[in-house]
Structure formats: structure tokens, C-alpha cells
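No lab work stands behind these numbers, since they all come straight from the coordinates. Being a predicted model, the structure only gives us computed values, none of them experimental. With ideal geometry, Cβ positions are generated from the backbone for all residues, glycine too; neighbour counts draw on all protein chains shown.
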């Protein structure tokens, strides 16, 4: 693909179509394109799923039948053209040419074709994002346009933490639609933690019978004196997971599951106490954790624990076809292992130097196990401690340093530094922001995030698979709070992940804001409870619920 950046947002071309994320090249010849009841879809080989999506999404919103092509008036022609991968830069590339009554959409793959169909939806206007027509409009017009486009990164991710606060299945399906509307393609589903186990494992039913609910929940930051004194819980059946995965695949989104080991495991230990360090703590007295923070109750490094989680992962692999499987590996305190005679005996037996190497042994075990089954392990950057498993990839969350270390050692990296793309962090200073957590990261801050650190050479930078925005839900108790924290910043992040933007200081944020003026009505049509540019609406505030502000600039890249 050309290194030319996207057309500036204040140019006549981009201003006429206001696409987000910004495409590589746009030209607007000045004519018009029209679709109406006579417009038919001409789907070539391999394009049938995209045609089905156009009918289910755009057809439902417009009320147009978009019938299969016979020989009529207007035509939406869908073709897969693999040669575009070389011409435009990768298998997700596409070319959209629309003028008069012909829309010709070519994708380097089915995924590229789908992304082009998403661009067509944006061109039709915000009404095309609704689920049913809102009038009797018979003709849909937009500027004639040629768009050539393709992504910068292959991993354009969003983490949804459904463990701390459960998101029902319909909410996850809705977020897959929102991701698709922004050309994001990896859903990292954080399924297990101290506060809840959210996936059915048939061999171990207590994981959901006991581990999927807690008796009460801390309201706000862990230092808050407030509690929500009612049970909270929920989980996905295996059929729910299969539906989520299939729904995602229709939108060319990969779902990467996260099953946390060896830390963040109190919910599992509460269900099966033998998984914990029983010679240090009475694990039979543990329940699913009801507050936030780093928990000292971690898995015991025993053969039984390894077999237990192998059997858990066997069922997980049956549900998730993703190449990567996330095992967490972060925030694992070593206190119990230091006090445990069984853990110390395991360290001596394996000839390890310390507890860090014991954690590395734990991670390496599952790296080997997953590799033997054709999968790849990915974990948070703490898995670097004690030595990284040979095939493992790293989610770099504690800044850029872990990702730099991993890339220099030849490991693949997904950049998601908390100082830049943790969307649960507050969006502005001031008392109106609900439950202010972490760093202030405005819409502009996210737009100027650069995933590839300056410290990497060109060869090392090729190990950066892409980037991911993370939405942790300790302080996000419902769908409205998740929407508020994610949007509109997720739109800015999507452009960072997809578009070939210039260096952060040279990015045209004013132009992006102008395009966002056209994008907010799309979000309205999708029912997104985003943060308005002027600040939270009265019902989006959480007066009296304390957070934990952190001040200071982000670390240098």
C-alpha cells in the first residue's frame, strides 16, 4: 500500500464523505450515486456472506429489498480480487467505486469486502445504522466516490472485561456490531477473574454454579465505602459462546478468550478449593471476591492444577477457533508461594531460582500445551518475568517497555499501554466525570496515541501485530457506563489502528473532530450512550462515588 496518509479531513474529498476511520485514498468526482428499490446485489464467488450482511443491516435500515442480481436497474457488485492485497497492502484491503447506479466493491478477501461494505453504509448516512426505516424514503443518494483502503495493523482489538461486571450475551453481540462499524477485528473477551467465572465448563460445573456470582459488589474504586448489597452474576453457556463466535465471524472479527492463570483466580478457587495453596490458607472459606485490586489468592503450582486447567482449555479450544489463547499471567503476587512448602518443594524439584521462574514455568507449560494443539499463547507483559516461553506473544499493558523487550527478543506484541488506551480511565478532569479512574485521557490524547515505539528498529517493529483498547469494568456497572467510557474514544482508537496516520504531533485532530460531527449521529442511530463533547449528561454522572485519580504525563514511547 502507498505510504500516503489519509486524505486530510478538511479537504473537499474527505469533507464530503466524512469516513471514520479515514481511508488511504478518496476521490469525489462531483456526481452522485443512487440506490433504490430496483438496486440489486450481484455477489460473486465468496461474496455471499457480505451480501447477506448488507441485506440484514443496510436492507433493514433502508427498507430496500437488495434482491439478488438478475438484470435490472441499479447494482451493487461484490467481487473478491486477491490481487488487491499486493496493490493496496494486505488481505483486508478493498476498493469501492460508486457513481450513478453502479456500486463496484472489490475486496482482497471476504474480510476486505466486508470492510468496504461498512464504508458504503457510512456513505448512506446515519439512517443506515438504524434497525428499521424511520420514513418512506424511496431513494438513497450520496456523493459519487472512489475509496481505496486497507489497514495499517492486522490486530485492531477491543478488550471487554465481562468478569468484573457481567455483560449479557446480547450486549456482547451489540459490541461486535459496534466494532464492525469501526473496522476493529479482535474481541479480547476477559472471561475469568477473582470476581467471577463467566464461561460454562461442563467437566467442572461448580465454576459457574459457585464461581459465576458474588453476594455483593464494591461500588466505585476499591477505596470507596459504598457497596451494592445484592448478588451479581451471570455466565455464558457453551452455546452462547458458539453464537458469539459465529456472530463475530460473520463480521470478520476474531474472539480471543482469556482464562487467567495463575493469578486473578479466586473465583475458580472458591469453586474448587483444592486449586489454591491449601497449606497456607483455608481455601474452603473463600468466596468469589466482592471488591477490586490485586488478590493474593493464586493457583497452587501442582500437577492437579495443571491437569484441571488443561481440561478447562480443552473445552475452551472446542468453542474458540482463534489462533491466540490468552492466559492472563499478570498481577500474580508471590506471597503464598513464598510461604507454601509445596510451592517451595516444586521450585527445588524443578531447579528454579525463585518464584518468578515458577510463574514462568507455569506459563511455559501452557505455551507448550497450546502449541501442540496448533494454537499460540498470549499473555500480559508480566509473563516476561523469569523468562518468556518460546512461542508466546505479549500484550504490553504497563507502558511500552514490556512490548519493546518482547519485540527485541523476537516475540510478537499487541500494544495496549494503560497510560494511553485504557478506556475505563477518565476522559477529562473535573468532578463531573463519573467514578474518575486513572489517567486523564481525552479524545485527542487517544487520537495521538502511537502503537509502535520509537525505540524499535524497523525489523523489531514488524513484531508489533497491532494495538488494542481495553475496557475494564470494575467501575462500569452496566451497558450505559461501558458506552460512556468507550465512546467516542473508541472511534479515535479505531482510526489509530486502521489508518496510516502521520506522527502524533502532526495528526489533524481538528479535521478528525469535524468528521466526528458526522459520526455522532451514526452513534446516536446505533443507540450508543457516548460522552458528549461538552461533558456528561446529568444521568451519566455518579456524584458521591469516589474514584482514584492519577495525575502525570504518559511515559515516552
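Points worth noting:
- Euclidean distance between Cα centres, region 444-506 to region 280-345, Å: 29
- Rounded, prolate or oblate (a/c below 1.5 giving rounded, otherwise prolate when a/b exceeds b/c) for region 185-320 by Cα gyration tensor: oblate
- Model label points for residue 311 and residue 202, set 7 angstrom from Cα along the Cα-to-Cβ axis, are 1.4 nm apart.
- Reported label for calculated Kirkwood radius over Cα pairs in Å given [x] 24.6; [y] 23.5; [z] 26.4: [x]
- The label-point distance for residue 210 and residue 478, in a model that sets each label 7 Å from Cα toward Cβ, rounds to 3.2 nm.
- Solution diffusion estimate, µm²/s, Stokes-Einstein, region 373-440, Kirkwood Rh from C-alpha pairs, 10 °C, viscosity 1.306 mPa s: 119
- Working note: 222 nm ellipticity from helices only, DSSP H runs with n ≥ 4, each -39,500 (n - 2.57), summed and divided by the residues of the chain, gives -8500 deg cm²/dmol to the nearest 500.
- Centre-to-centre, using Cα atoms only, region 179-254 and region 10-81 are separated by 36 Å.
- For peptides 73-79, 457-463, 207-213, sequence by mean Cβ density within 10 Å, most packed first: 207-213, 73-79, 457-463
- Cα gyration tensor shape of region 182-246, rounded if a/c is under 1.5, else prolate or oblate by comparing a/b with b/c: oblate
- Inter-label distance for residue 55 and residue 405, nm, one decimal - labels placed 7 Å from Cα along Cα-to-Cβ: 5.4
- The chain, relative contact order [Cα under 8 Å, separation at least 6], %: 15
- FRET E, pair residue 462, residue 541, Förster distance 41 Å, beta-carbon r, rounded to 0.05: 0.40
- The slack between residue 139 and residue 432, meaning 0.36 nm per residue of separation minus the straight C-alpha distance, is 101.1 nm.
- Three-way shape label, region 12-149, alpha-carbon gyration tensor, a/c 1.5: oblate
- Extension gain, residue 243-residue 229: 0.36 nm per intervening residue step, less the Cα-Cα distance, totals 1.8 nm.
- Linear extension gain, residue 102 paired with residue 173, 0.36 nm per residue minus alpha-carbon span: 22.4 nm
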